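S.K.: Take this structure, written in structure tokens, and hold onto it; I'll ask about it next.
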Amino acid sequence: MTPELPPALLDYLRQSRVALAVATADDDNHLLAVSDRFCQLTGYAPEDVLGRNCRMLQRSAPNSEPRERLREFLANPRQENVRTPIVNFRKDGTPFVNLLYMSRLRAIDGSADYIFASQFDVSRSQPELLSEYDAELGRTLGRLSPIAGDAGIVVEGTLLTIANSAATVAQAKMMLAGLEHDYRA
């Protein structure tokens with residue numbers, strides 16, 4: 001059974017300046033909490049997504065390579081984090097390329113009860129916006145660590161995974177162009 005999220009962690013998530021979500025680390029990885037920025041990005045209200053796996057955002061997009069990377073992360077408890085672009089859809093059906101970052105939140109005893117995730121729309125982003133997001137995500141993780149630590153939770157992963165890359169933006173634009181072509185045909 002997954003313990004409840006500590007109130008301080010919930011408050012932090014809700015006030016975050018970046019899109020964040022926390023899911024269970026077991027079973028179907030259902031969402032326990034989402035930030036206001038997550039709701040703004042996806043168009044979904046918390047009651048639409050809590051208790052569901054966020055793969056619902058993928059709808060019918062193939063996402064073969066990103067799904068494989070996410071499955072590897074979830075299957076390997078020693079892998080600290082993963083970052084991959086993945087096609088998602090807003091509630092209104094609009095596709096976007098989500099630069100998804102996921103890491104584990106571990107209890108002091110080493111058990112991983114939660115998966116922490118951040119989302120960023122790189123569909124039409126400029127490299128400087130990705131750089132700003134990377135910096136804000138770094139600050140978010142830095143501020144999250146002591147809050148989580150007070151609740152006996154360790155944020156896994158390092159900021160090395162958060163690397164600004166114009167190539168990521170270019171890859172996202174190609175994914176979106178292909179997706180838009182497929183859905184217009």
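Every number in this text was worked out from the coordinates using simple rules, so none of it is lab data. Being a predicted model, the structure only gives us computed values, none of them experimental. In this analysis, Cβ positions are derived from the backbone assuming ideal geometry, glycine residues included, and neighbour counts consider all displayed protein chains.
S.K.: Relative contact order for segment 1-75 using alpha-carbon pairs under 8 Å, separation at least 6, rounded to a whole percent? Before the final figure, lay out the partial values.
M.R.: Numbers: 74 pairs, mean separation 17.3, N = 75.
Answer for segment 1-75 is 23 percent.
S.K.: Run a plain Debye calculation on segment 1-156 (Cα atoms as equal point scatterers, no solvent) and give log10 I(q)/I(0) at q = 0.08, 0.18, 0.20 Å⁻¹, rounded to two decimals, same order as the q list.
M.R.: -0.20, -1.15, -1.45
S.K.: Follow-up. I'd like the GluC sites (Glu not before Pro) in segment 1-109 restricted to DSSP loop residues with at most 15 other Cβ atoms within 10 Å, sorted by number. Can you show the working numbers first?
M.R.: Values: sites: GLU4, GLU47, GLU68, GLU72, GLU80; in loops: GLU4, GLU80.
Passing both the DSSP loop test and the Cβ count: GLU4.
S.K.: Using θ = phi - 60° and the Karplus curve 6.51 cos²θ - 1.76 cosθ + 1.60, what whole-Hz ³J(HN,Hα) does each residue of segment 90-96 get, with Gly and Pro shown as x?
M.R.: 6, 4, 7, x, 6, x, 8
S.K.: Would you pull out the residues with amide H under 5 Å of TYR44's amide H, same chain only if 5 or more places away, H placed 1.01 Å from N?
M.R.: So TYR44 has HN proximity to LYS91.
S.K.: Let me check against my output: what whole-number percent is the relative contact order of segment 1-141, with C-alpha pairs under 8 Å and at least 6 apart? Intermediate values should be presented prior to the final figure.
M.R.: Values: 231 pairs, mean separation 33.1, N = 141.
With pairs under 8 Å counted, the relative contact order is 23 percent.
S.K.: Further, regarding this structure: Tell me which residues come under 5 Å, amide H to amide H, from TYR114 once H is placed; ignore anything under 5 positions away on its chain.
M.R.: ALA25, LEU105
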